[in-house]
Structures are given as structure tokens and as C-alpha cells.
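Here the structure comes first, spelled out in C-alpha cells, and everything after it is commentary.
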């Protein structure tokens, strides 16, 4: 549905987005994952026209958007990273305002509003001021306001950051439902476990795409094996030993009492790390991200 | 129209639910007019003066009584020990600022007066504050002229018959307070819209408006209309306060003032929008609105200094200060009962100013929106 072609953006000396090319497939969930400064938000802002791109092209349904961003904004709903609705207006007033701005007909507005309030579990809070809502509720409200215009493309910039785990699960359930309705969803997240839920995952770092594919595709193409190791003795001493070993340095990281070690080729890291237990596991997206990030 | 209505409704909700802004809008102007209404005045009341009567005759005592009877002066003619004030003591008092003037009735004053010859009275005035010195001189001169006329009876050849029209008691408060209304109204209007837009920029909601189907003109018009009502209400509150607290007369027709006031308020609101396009934060916007509206309105509109006394350059600048036009209108309507036809030029200038500012504000806002892309 949307294609970024060699998009770049610099803020002074900082290259926020560096020759990024990626595709947002229709009726699917595309997730941009990466740490702060990866360029995810800038990419979204360029898509809706809030930030001017330096170079490259954005194609919507095969046609270059050029400088006419209304072509994108007329079919999309954009939810910024920061809660940007009116805190002093109630849930219902916020929804009414944005529906009126989008010129949703009165009858349809009433029906949609009711359906969204029920779907997001906000019905009991419809009269509550947005500023008094919990983090999760705020994000649900922000999502509801963009859904009032029934957009084909839904852009969500870190919608689950700072949201409690239960609300995150509920939020994702709504996103899955939207996908089943045939909507195209593109969202960003710093949580790699969350990113695994995407149909297409784009791993980003410092304005560049590290890798992109489905989770299955990423796993298939991943060149390393993952070993979960319970070291003998002190785990920090074991990590110091790994750091000093040129064969292992930069390939292991701590996760609780375990060391997660990425190993290329057929060699087994167990021979170099004194351990009580070692299990080969399927690499997670987090393992892959760390691997590619260190490679970069 | 539906989208503009949605913005108007939203803005009204913001106003009603933000007690801080409501305080800013209604209480601060009242405090300003209260303080400035008392402090900015050319009237003198109970000015301390020293009087040395070296003649000690009937006529000199009559003159001393004439000064004492004036509501303007508080005459001190005795020293601390109860004796007559000496010239040295009076000079000391003048230096210390205890008195503003020393009136000296010289020895021989009575003798000359009785002989029908010219007798002189000395006025030594503290000139460190020229405005006060001039007023003290004028008031003293009036006392002496009245005293002279009373003594001469009908012997005087000419008599000036003076009538102060519109302000019979020549109270400077009548002149200043309508001016204050004009200054405060412009300041509040500019502040209202500048804060409204910068607040949206700070919270991030302006980005959502930017990418919405709303046209820039719809955003600006929708944001301006509610504040027209607020500023009009504010103006009414200030005028009522001026009328009933300071006793300022209202001789003109309210619809005339309302019509011109509307144009003036739109100019102020448009100025606020312009400020908001460059001010990144609410604090900057507030300071900019204060600076841009208050200083020129106070100094270059004829509020304090008559336009005739300004240098040609400053006078030229005064023509782009909207308060210059509204000041003439409000003083004319309130004090003189002037009608619409008396201020057609000023009204046309205000209308042109409002439309121009609004057009520039919309253009600048749209440019900013475009620049984001």
C-alpha cells in the first residue's frame, strides 16, 4: 500500500533516516522495531507530512505522493507517540471533535462512537476527561479518535510505550481485529517481543534498516545459533571471561541468570564457557536484533 | 461550517475549563485598571506647600487663606516650634522634598497693595519633576488670579469665561481610564489567541490539526470567534468597573462603541495569531504579546504623550498602532458622546488593520503548516 524509496532525513549533522526503503503491505501489520533514535517516528512524520523529507520518494498505491501529503492523510489515521488529544475535554468530546473535523456524518458518528467505546472498554469512562485516564486508556482513546474516520491505513507511533501489560494485550487484540477487517496497520515499538506479532518486521537502528521480513523469514535467514547457558560460578565473572575471549566477545549478553550466546558456524560455545547447563534455542527477535546491531 | 463550529465549541470548552486563563482574562485587567487608574493621573491633590508671610498684614493673610482654602494645597506656614516659618527652614523643606513649592509674600506687600500699586508674590517651585512643577505653577497662578480678580472687582478690563466641555472638572482620570481600557483590551486579545495556539503546539495537538482536512482559515476563524466573545465580555467588565468604580461618564451610544470595539478586538486577536506563529512556548507568546501591545499602546498611541508632541518618525509609527485609532474613538464615544459618523476614518483604519492582520496571520499560519511538510 505504501512504499518508502530511499528516504532520507537529516536534522543538522544527525541523519535521522538514512536511505530507508521499505514496503507497508495492505491488510497486514507492519512493525518498525528499534531503540530510541532509530528513526521510526521521523519516518512516520514524513509519511503524514509533518516532517519534510530530504530525498527519496513515498508511493501510495503505486503513485508518488510528491508534496501532496493530503493524499496520505485523507486515507490514514495517525497516532503520534506523545498523547496529543485534549486533556481538558472528555473522552466523548474528544471523539466528537475529531469526528466533526473529519466530517463524519452525524448518524454514522453516533454509531461508530458507541461501537468504539464498547470495543475498547471505554464506555464507562465516556464522560471522563482525557487527562484523567490511565496510560492505556489514553492510547485506546487516541486510537478510537482515528478510527472514527474509518481510515484504510492506520499509523501508530509507539502506541504501547509506557502502557501496562494488560492494556498492551488489549490494545493488540484491537489491532488484530482491525487487520481482520482489512485495514493496513503500521506501528513502531521499542519492545521486540511485541514486534514479533507483526506480519512484517522492520528492524531499525540509527536511521537505517538492519533487516526486514516476516518473523519466519528473519529466523530462516538468521546466520547464527542461539545457546542459553547457565554458567558455573558467578555469572558476572563468566561474562568478564567472555568479554576477554576474542572468539566470543560481542556475541553474548545477560538475561537473568543465563547468558545468551550467539554462535556462527558449527562450533559449540560450551567448550569455552564453564557451565552447568547449556540449551540451544530458537533465536528470539531480541537475539536477532542484538546480533544485527552488533554487526552494524 | 460544521468544522468551524466544532473548533468554536472546543475552544469554548477549553476556556470554561481553564480557570487560570479565565482569571487571566477577567481578574488581571481589573487589577491593572485599578492600579493604573489610581497611579496614572495628572491631577494634584493636597500638595504640600510652604508659605512665608513676611508682610504680616491683612491682605497678605487673605492671600494665605486663599491658598489654604484651595483643595489642591496643604499649606504649611509654621515651623516645628510653632513660630512663623523662616526662609531657611522653607528652603530645607524644599530640598528634602517635604514641600513642592514655597510661596513668599514679601515685606511691604500690604503697603503696596493698599497704595494700589503692583505687589509681587514669589513662587519657588521644586523643578526636579517638571510635570508636577508645571501643575503646581498653574494651580498657584489660578489662586493668585482669582484672588486678584476678587480684589479688583469689576475694575478688570477683560475677564476670561472658561468652560471645560466634556470634562468640566478637568479630571485627568476621565482622560486616562478610557485609554487604559483600550490598552488592556488589545493586550488581552493578543494574549488570548497567542496562548491558544502555542498551547496546542506544546501539547502536540496542533500536529493533529495540521494533518487533518481542516483548512488553515478554518482553524484561525474557529479559534478567533470564541475569543471575540470573551474579549467583548472582558471589555464590558472593564467598562463597567470604570463607570461604577471610577465614575467615568458614558455619554455615547453603546452600539457605536461595540461596532468599533469589535474591529479593534479582531485586530488584537489577529496580532496574537501572528505572535503564535513565531513563539515556540506559551511563556514566550505571553511576553511577546505584552511587549508588542503594551509598549506602543502606552507610548505611541496618544495615551500618555499627545501625538503632536512625538517626533515625525515616532508619529509615523503611531499610525500602525491600532490603539491610536481606538483611543480616539473610545474617548470620543465615552466622554463626548460622539457618533459613528465622527470616527469613520478611524473605524476604516481599524477595519483595514484587522483584515490585513487577519490575512497575514492566516497566510503565516498556513505557511508554517506547509513548512512542516
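What follows is calculated from the coordinates using simple rules that are stated; it is not laboratory data. Note that the coordinates shown come from a computational prediction; the quantities given were computed from them, not determined experimentally. Cβ coordinates were reconstructed from backbone atoms using ideal geometry, including for glycine residues, and neighbour counts include every protein chain displayed.
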* From other protein chains only, count the Cβ atoms within 10 Å of every residue's Cβ in B:6-15, then give the mean. => 4
* Asked: Between A:39, A:77, A:66, which gets the highest mean-square fluctuation from a Gaussian network model of chain A, Cα cutoff 10 Å?
  -> A:66
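Per-residue ellipticity at 222 nm for chain B, helices alone: DSSP H runs ≥ 4 residues times -39500 (n - 2.57), over residue total, nearest 500 deg cm²/dmol? It would help to have the intermediate numbers written out before the result.
Details: 14 runs with 247 residues, N = 373.
That calculation yields -22500 deg cm²/dmol at 222 nm.
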* the range B:47-152: C-alpha gyration tensor shape, a/c 1.5 cut-off, then a/b vs b/c -> oblate
* Structure fact -> So for the range A:1-118, using the alpha carbon gyration tensor with a ≥ b ≥ c as root eigenvalues (a/c under 1.5 gives rounded; past that, a/b versus b/c decides prolate or oblate), I'd call it prolate
* **Alpha-carbon centroids, the range B:326-373 and the range B:200-242: separation in whole Å** => 17
* Asked: Taking the mean number of other Cβ atoms within 10 Å as a proxy for protection, how do you rank A:46-52, A:246-252, B:214-220, B:71-77 from highest to lowest?
  -> A:46-52, B:214-220, B:71-77, A:246-252
* Can you tell me the Rg and Dmax of the range A:124-196, counting just the alpha carbons, in angstroms? -> 12.3, 36
* Structure fact -> Log entry: pair-distance distribution for the range B:192-351, C-alpha pairs binned every 5 Å from zero, whole % per bin is 2, 8, 14, 18, 19, 15, 11, 7, 4, 2, 0
* Average beta-carbon neighbours from other chains, 10 Å sphere, peptide A:95-104 -> 5
* Distant alpha-carbon pairs in the range A:138-296 (separation over 23 angstrom), percent -> 49
* Asked: From the square roots a ≥ b ≥ c of the eigenvalues of the alpha-carbon gyration tensor of chain A, which class results: rounded (a/c under 1.5), prolate (a/b over b/c), or oblate?
  -> prolate
* Asked: Kirkwood Rh over Cα pairs of the range A:49-117 into Stokes-Einstein at 10 °C, 1.306 mPa s: D in µm²/s?
  -> 109
* To do: Counting only DSSP beta bridges with both residues in chain A, tell me the antiparallel percent, nearest 5.
  => 70
* Which order do peptides A:122-128, B:102-108 fall in by mean Cβ count within 10 Å, highest first? -> B:102-108, A:122-128
* Structure fact -> So, relative contact order of the range A:141-296 in percent, Cα under 8 Å, 6 or more apart, is 21
* Structure fact -> Fraction of alpha-carbon pairs in the range A:40-178 farther than 20 Å apart, rounded to whole percent, equals 48
* Asked: How many partner chain Cβ atoms sit within 10 Å of a residue's Cβ in peptide B:203-210, on average, as a whole number?
  -> 6
* **Zero-based 20 Å bins, Cα pair distances in chain B, whole percents** => 24, 40, 24, 10, 1
* Where the Cα atoms of the protein assembly as shown are projected onto their three principal axes, how long is each span, largest first, in whole Å? -> 135, 62, 48
* Asked: Taking the alpha-carbon centroid of each part, what is the distance from the range A:122-192 to the range A:205-239 in angstrom?
  -> 30
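Report relative contact order for the range B:47-152 in percent, whole number only (criteria: Cα-Cα under 8 Å, sequence separation at least 6). Provide the component values of the computation, followed by the final result.
Working: 144 pairs, mean separation 32.9, N = 106.
RCO, the range B:47-152: 31 percent.
Order of B:325, B:139 from fewest to most other C-beta atoms within 10 Å?
Ordered by Cβ neighbours within 10 Å, fewest first: B:139, B:325.
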* Asked: How would you rank B:182-191, B:348-357, B:285-294, highest first, on the average number of other Cβ atoms within 10 Å across their residues?
  -> B:182-191, B:285-294, B:348-357
* Asked: Over chain A, what is the mean sequence separation of C-alpha contacts under 8 Å (at least six apart), divided by residue count, expressed as relative contact order in percent?
  -> 21
